[in-house]
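Let me begin by presenting the structure, written as structure tokens, before commenting on it.
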Amino acid sequence: MIVVSKFGGSSMKDHEAMLRSAQISKKQNSTITLVSATYGTTDQLHELVELSVGGKWNECEKKLFTIRERHFDILQNLTGDQLVGERLRELFNNLETLTRGIFLLGECSEKAKDRMVSFGERLSSLLYAEALKMTWPEKSVEHFDSRRILKTNSQYGKAKPQLSKIRTQCEAFFKLDGSIAYVGQGYIGSDDDDFTTTLGRGGSDYSAALFAEGVKADVLEIWTDVAGIATTDPRIVNQARPINEISYDEAGEMAQYGAKILHSSTLVPAMREKIPVFVGSSYAAEERGTWIRESVTEKPLIRAIAKRSNQALLTIRTPKMMNSFGFMGRIFDIFTENEISVDCVSTSEISVAISTDEINLKNTRLIEQLSKLGEVNSEAGFSLVSIIGNEMLHQPGLGKRIFSAIEDVNVRLVCLGASAFNFNLLVSNDQADETIKKLHGEFIS
Ligand code: ADP
Ligand code: ASP
Ligand code: MG
């Protein structure tokens, strides 16, 4: 049985969290364990980039010191192994040299940034391998560099995997007879020139799914700080409850529409290989957790609610659209050309309204190109609230229930009809949590 396990940043918070996670790797007999950077480190590495670009060397030194202390502290509380200490020191020297280079240049390319932030996982995985050796002395634990295996394109900051190369690398590298427990890094990969890339924030989940696909794993396990996927983000609704079982389609919609618990692309490789995915808490491994599978026994009308904040609404208006064809095609071509995904679309005879991540408003090329087709109006500050469930296209009265529950909320865009698994509403960021609470109260609590 091949098990790929991934532990997130909160499961790598300190030596205790690492040892707790190591108990899980041992109990689950994990073949490959991928880990995230220690809690908060990726954020701090991003801050380090900002500080060095901004010419604040003293602040950079303080930040480097904080990150260094945290990691050496964990090592001391684990094996204190000298060789590992040497490897940490070497990594910190490299990190400092790179930071200095960016400081002197006063700029940082996306390529250099990926190299900088990759240190988080490279450091934490060395420590986790020590925790696993302590916990599982009878096993041969092997630390490896995921960049050798996870081959991607050169889209730094949000690299796309090269699936056939990953598979080939997996086949060549891993010995899957159960004799070795491998420990590597989530989030990072490398391009054809062997430059470091990253899969985007929260990308360790996606890494784990790609490794699981590459080795044709029997199970993919995502260990985090909550006992599985809940009916909505527990930080928004206290009464959110864990979901025992959910289909790939529904969980995919949840991840796509903002449920932070899974990176949006995680389920794609798992679905391709039909690998069941388990999500559980490394703090309470005995709790039930969530199984994500192709088919599930219970299919409630509404299972969960997700939120994707900071959305923009773009409206492209032109009288020329009247009785014309090809207009929509041209709009979507522009989004495709700019590699920007569109979430919701609504059309009238002379205008099209599209919701997308707010950050895309900064893309001047996109706005210029759209402006050639018609008058473009953009508004920011929205959240997409996604109601996720089953058979939503065949439920008379569902709309009435939804809109009665949120009658005080101003809904700017509605999307239903493309999939039976979700019903999306665009509301202002200010009203999003209230909308979720009311909908959760009406349909789930
Ligand atoms: P990790 O560091 O382990 O990857 P994340 O912080 O990325 O963990 O994801 C876990 C967090 O996702 C939870 O602490 C929770 O606040 C948030 N979350 C958002 N939506 C949900 C949901 N539907 N169910 C459970 N957790 C959710
Ligand atoms: N460490 C990376 C991040 O914080 C990747 C991850 O944890 O999934 O975004
Ligand atoms: Mg995460």
Under 17 Å from the Cα of K133, which aspartates and glutamates turn up, not counting those fewer than eight places away in the same chain? D14, E16, D81, E142
Heavy-atom accessible area order for C170, C108, largest first, 1.4 Å probe: C108, C170
Surface/4 estimate of mean projected area, convex hull on alpha-carbon atoms of the range 1-102, nm²: 7.0 nm²
With N set to the number of residues, divide the alpha-carbon radius of gyration of the range 386-445 by 2.2 N^0.38 Å and report two decimals. 1.05
The range 271-329 to the range 60-139: how many Å between their Cα centroids? 35 Å
Average accessible surface area per residue within the range 260-363, 1.4 Å rolling probe, Å²: 51 Å²
Percent of Cα pairs exceeding the 38 Å cut-off, where the set is the chain: 28 percent
Hey, could you pull the Cα Rg and Dmax for the range 119-181, both in Å? 14.1, 41
Over the range 289-445: Rg over Rh, Cα atoms, Kirkwood Rh: 1.01
Considering only protein heavy atoms and a 1.4 Å probe, what is the carbon-and-sulfur percentage of the accessible area of the range 99-226? 49 percent
Between the range 202-222 and the range 404-418, the Cα center-to-center distance that results, in Å: 35 Å
Over the range 52-131, what lengths in whole Å, largest first, do the semi-axes of the equivalent ellipsoid take, defined as the square roots of 5 times the eigenvalues of the alpha-carbon gyration tensor? 26, 13, 9
For the ranges 156-164, 302-310, what's the packing order if you count other beta-carbon atoms within 10 Å of each residue, average per peptide, and put the highest first? 302-310, 156-164
Which one of E47, E107, E368 has the biggest mean-square fluctuation once the chain is modelled by GNM with Cα springs under 10 Å? E368
Could you give me D for the range 157-236, from Stokes-Einstein at 37 °C and 0.692 mPa s, where the hydrodynamic radius is the Kirkwood radius over C-alpha pairs? Units µm² s⁻¹, please. 228 µm²/s
Going by average Cβ neighbours within 10 Å, how do the peptides 284-295, 190-201, 219-230 rank, with the highest at the top? 219-230, 190-201, 284-295
Please list, in order along the range 63-70, the HN-Hα scalar couplings obtained from phi with the Karplus expression 6.51 cos²θ - 1.76 cosθ + 1.60 (θ = phi - 60°), rounded to whole Hz, x for Gly and Pro. 4, 4, 4, 4, 5, 4, 4, 4
Under 23 Å Cα-Cα from K216, which lysines qualify once same-chain neighbours fewer than 8 residues away are excluded? K6, K26, K27, K139, K151, K160, K165, K175, K274
Hey, could you pull the Cα Rg and Dmax for the range 71-191, both in Å? 16.2, 49
Quick shape summary for the range 129-281, equivalent ellipsoid via Cα gyration tensor, semi-axes whole Å in descending order, reads 26, 20, 14
What helix-only [θ] at 222 nm does the chain give? Using -39500 (n - 2.57) per DSSP H run of at least 4, over all residues, to the nearest 500, the answer is -12500 deg cm²/dmol
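The values are calculated or read from the model by the stated rules, or taken from the named source; none is laboratory data. Everything numeric here is computed off the predicted structure, so don't read it as measured data. When we count neighbours, we look across all protein chains shown, and the Cβ atoms used for this are built from the backbone with ideal geometry, even at glycine. Surface accessibility is based on the protein's heavy atoms, side chains included, excluding ligands, DNA and RNA. Shrake-Rupley method; radii C 1.70, N 1.55, O 1.52, S 1.80 Å.
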